[in-house]
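Here the structure comes first, spelled out in structure tokens, and everything after it is commentary.
Nothing in this text is a laboratory measurement; each read-out follows from the coordinates by a stated rule. Just so you know, these numbers come straight off a predicted model, no measurement behind them. Cβ: placed from backbone, ideal geometry, glycine included. Neighbour counts: every protein chain shown.
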Amino acid sequence: MQNLAALLMQMERIESEVSSRLTGLRNRLVQGESGGGLVTATGDIWFNIRSIHIDREKLSEKTYDLGTLESLIVEAVNGAIKEARKILKTELGGVIGGQVPPEFANFFGRTEGNGH
């Protein structure tokens, strides 16, 4: 019973630390870039994209077909998501001992091969 009590106390400590770190990251923004800065995607660590910026000066330097521009936007968004995952893994990894529960594997990017 003593081991169970100690385990519960440890879980409460971890929950508190995770909550504290997430609160600290609440307003943290991330960016992904593509096309040498032509496209910049800005998002938050919750994987919400807040804005897409296309540099008009760089856009006018070269002719881009619609498909290429769309691909650059996707690349920039994926870059922002990757950065958010990296920050979350860094901030929370130490607290949870580097062990990512299976239900959070995709959240931390463990399924990179599926197109996400």
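Things to note:
- Amide H partners (placed H, <5 Å) of residue 30, local residues excluded: 43, 44
- Relative to the 2.2 N^0.38 Å rule of thumb, the range 27-107 has a C-alpha radius of gyration ratio of 1.32.
- Here residue 9 and residue 50 are evaluated by their C-beta separation; at R0 = 41 Å the FRET efficiency comes out at 0.60.
- Within the same chain, lysines fewer than 8 places from residue 58 are excluded, and of the rest, those with a Cα less than 30 Å from its Cα are 82, 86.
- Across the range 41-52, coupling constants 3J(HN,Hα) worked out from phi with the 6.51/-1.76/1.60 Karplus curve, θ = phi - 60°, read 10, 10, x, 10, 6, 9, 6, 9, 7, 8, 7, 10 Hz, and Gly and Pro carry x.
- Phi-derived couplings, Karplus 6.51 cos²θ - 1.76 cosθ + 1.60 at θ = phi - 60°, listed residue by residue for the range 2-18: 5, 5, 5, 4, 5, 5, 5, 5, 5, 5, 5, 5, 5, 4, 5, 5, 4 Hz, with x used for Gly and Pro.
- Note on residue 65 and residue 90: the model spin-label points, each 7 Å out from Cα along the C-beta direction, lie 3.9 nm apart.
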